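Single-structure report; data block below.
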Amino acid sequence: MKKPGIHIRILLAAFALICAATFSLGAVGISITREFMESRFKDRMFFLAKYLALNAEVGVLIDDRSALERLASNLLSEEDVATVTILDNHGDKLVNISSGALSSLRIVETPIISRRLRNVNLLFSSDTGVKIPETESIGKVRITYSTRGIDQLMALIGRRFIFFSAGLTCLAGLIFYFISRSIVVQVTRLAQAARQVASGDLELRAQQGTLPETRELALAFNAMLDSLAASRTALKEANKRIMRQKMLAEMGKFSLMIAHEVKNPLSIIKCSVDVLKKDQSLPTKSTMIGYIEDEIKRLNRLIEDFLSFARPSLPSFRVVDLNAMLKEIVTRFELQKAGTSIEIQAKILSVPCHAKADPDLLTRALSNIIKNACEANGEKGLVRITACCRQNTWIVEIEDEGKGIASENLKKIFEPFFTTRTKGTGLGLAFAFQAINNHGGVITAKNRAEGGARFRVELKIED
Ligand SMILES: Nc1ncnc2c1ncn2[C@@H]1O[C@H](COP(=O)(O)OP(=O)(O)OP(=O)(O)O)[C@@H](O)[C@H]1O
Ligand SMILES: [Mg+2]
């Protein structure tokens, strides 16, 4: 069975509390009022009995029953008096008249005292205050009265009280309803947010609400979501790295096999070419030899790329001036491209920029990117290389004027063996990515609005 929620519990608790408080207070109040009224009522009847006793003295002494009857019937006309009885000192009834059948009857009695005790104020003394000797009493007045009036009054008060209590309980219930609703609405909103997050919407954040407690809860909830999102991203990154490592490990095995299988025949070919070179008799041999040598070079490069990527040597870090290192790379490319329509324009600050790095790895990585930029330009074009230091970061940008990278390939270009060039291995950028990653750096690629691609490398430097 579903347990009642906060809303219902608060309402029930409030209801029970108010009911218990109002009804117990009411019951106590009614009983005190009743006691007070009964005692005042009794006092009044006692006063009437004493008044009759005073006036009845002579009538009792001379046994004037008609006079006593008149006195008694006078008293009977008083409201709530049911029976008036006058007794002599032997207990015989001298007068006994009754007004009819009345319910809830009570009795008060007072003695009729002879004149010798008149120095005592009998009318205003209480029945317990003055001791009257038995011998001085010449008779007794007994009044039977009805408390029906009190009962009716108490019933009326009770009814009014119940109405009043019910009204008060409803009002309190209403107030508690609105108070508990304001709490429950905020808790429900938090629960809804939690459900939405559970269904995968990690971007959602809980509203803080108006109560300090719910605000604190929402803040804690949002902080939990932030750390959840952060660890999810970290997990994704870690997964990516693991996948890449796995692939690299597989490739390592594969490349070792290729290196073994291809390198031996290559050296045989190379030896044969050397022998051919020495033989002057063949007329087309120089062209053939040229072809063979080109292919051998290409194969050799493929194997070396494979090996350096799949079985990378551990980087050996030392303090390097990155700007000087880049300048050297650029100079090499300028020499290579001298006499072609590929122009290389470099803007590298002459101030040194020191970082702990493996210069060989970095040189090869950056050379691959610059080589790609030159290749992307085709026959003609400008390759712009800029380097600067900003906030402890060395930033290098390499731009070209080629066709740029197709948007569907942007995500793939750093994967090993991805190439769109007929003679490419697809290992240049994969190697660059790996080397820069090993330096704790970042490499990104974008297409420029003016056309061509822009590669950006960021490396942390020493203060
Ligand atoms: N500057 C660039 N402009 C346009 N596309 C580029 C650029 N640099 C890289 N690419 C794309 O990324 C692919 C992968 O480059 P990567 O250097 O890894 O291999 P490759 O250049 O094809 O072969 P290799 O470098 O082994 O000769 C390229 O084939 C090309 O499609
Ligand atoms: Mg390349």
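The values are calculated or read from the model by the stated rules, or taken from the named source; none is laboratory data. All of these numbers come straight from a predicted model, not from anything done at the bench. Note that we place each Cβ from the backbone using ideal geometry, even for glycine, and neighbour counts take in every protein chain shown. Please note that ligands, DNA and RNA were not included when accessible areas were found on the heavy atoms of the full protein model with its side chains. Shrake-Rupley method; radii C 1.70, N 1.55, O 1.52, S 1.80 Å.
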Any residue in segment 73-82 that is in a loop (DSSP other than H, G, I, E, B) and exposed (fewer than 13 other Cβ atoms within 10 Å of the Cβ)? yes
Number of the exception - residue 421 against (1) in contact (Cβ under 8 Å) with a residue 40 or more places away in the chain; (2) over 26 Å from residue 343 (Cα atoms); (3) part of a loop (DSSP other than H, G, I, E, B): (2)
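Determine whether segment 381-391 contains at least one residue that is of a type in the set (S, T, N, Q), assigned to a strand (DSSP E or B) and more than 9 Å from ligand 1 (Cβ to nearest atom). Give the derivation first.
Initially, segment 381-391 is screened for residues of a type in the set (S, T, N, Q), giving 386, 391.
Adding the requirement that they be assigned to a strand (DSSP E or B) leaves 386.
Going one step further and asking which of them are more than 9 Å from ligand 1 (Cβ to nearest atom), we end up with 386.
Yes: segment 381-391 contains one or more residues that are of a type in the set (S, T, N, Q), assigned to a strand (DSSP E or B) and more than 9 Å from ligand 1 (Cβ to nearest atom).
Pick out the one residue from 242, 162, 157, 179 that is open to solvent by 80 Å² or more (accessible area, probe 1.4 Å), farther than 30 Å from residue 435 by Cα and at pLDDT 85 or above.
Result: 162 is the single residue among 242, 162, 157, 179 that is open to solvent by 80 Å² or more (accessible area, probe 1.4 Å), farther than 30 Å from residue 435 by Cα and at pLDDT 85 or above.
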Within segment 339-370, how many residues are part of a helix (DSSP H, G or I) and over 13 Å from residue 453 (Cβ atoms)? 10
Are there any pairs, at least 6 apart or on different chains, whose C-beta atoms fall under 7 Å, with the first in segment 440-463 and at positive phi and more than 16 Å from ligand 2 (Cβ to nearest atom) and the second open to solvent by 60 Å² or more (accessible area, probe 1.4 Å) and assigned to a strand (DSSP E or B), and if so, which? 440/460
Every residue from segment 340-369 that is touching a strand residue (DSSP E or B) at 6+ places or on another chain (Cβ under 6 Å) and within 14 Å of ligand 2 (Cβ to nearest atom): 369
Have a look at 230, 259 and point out the one that is in a helix (DSSP H, G or I), hydrophobic (A, V, I, L, M, F, W, C) and either modelled with pLDDT of 80 or more or open to solvent by 80 Å² or more (accessible area, probe 1.4 Å) (or both). 230
Hey, any hits in segment 399-413 for a residue that's within 14 Å of ligand 1 (Cβ to nearest atom), within 28 Å of residue 354 (Cα to Cα) and among the hydrophobic types (A, V, I, L, M, F, W, C)? no
For segment 371-407, enumerate the residues that are closer than 15 Å to residue 449 by Cα and hydrophobic (A, V, I, L, M, F, W, C). 398, 405, 406
Just the residues that are open to solvent by 30 Å² or more (accessible area, probe 1.4 Å) and either within 11 Å of ligand 2 (Cβ to nearest atom) or not assigned by TED's automatic domain parsing to the domain that holds residue 322 (or both), please, taken from segment 402-423. 418, 419, 420, 421, 423
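Only one of 445, 376, 435, 449 is open to solvent by less than 30 Å² (accessible area, probe 1.4 Å) and either closer than 25 Å to residue 338 by Cβ or outside any strand (DSSP E or B) (or both); which?
On the way: 445 fails: either closer than 25 Å to residue 338 by Cβ or outside any strand (DSSP E or B) (or both); 376 fails: open to solvent by less than 30 Å² (accessible area, probe 1.4 Å); 449 fails: open to solvent by less than 30 Å² (accessible area, probe 1.4 Å).
After ruling out the rest, the residue left standing is 435.
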Condition first: on the phi < 0 side of the Ramachandran plot, in a loop (DSSP other than H, G, I, E, B) and out of contact with any helix residue (DSSP H, G or I) (no Cβ under 9 Å at 6 or more places or on another chain). Now tell me which residues in segment 83-97 satisfy that. 90, 92
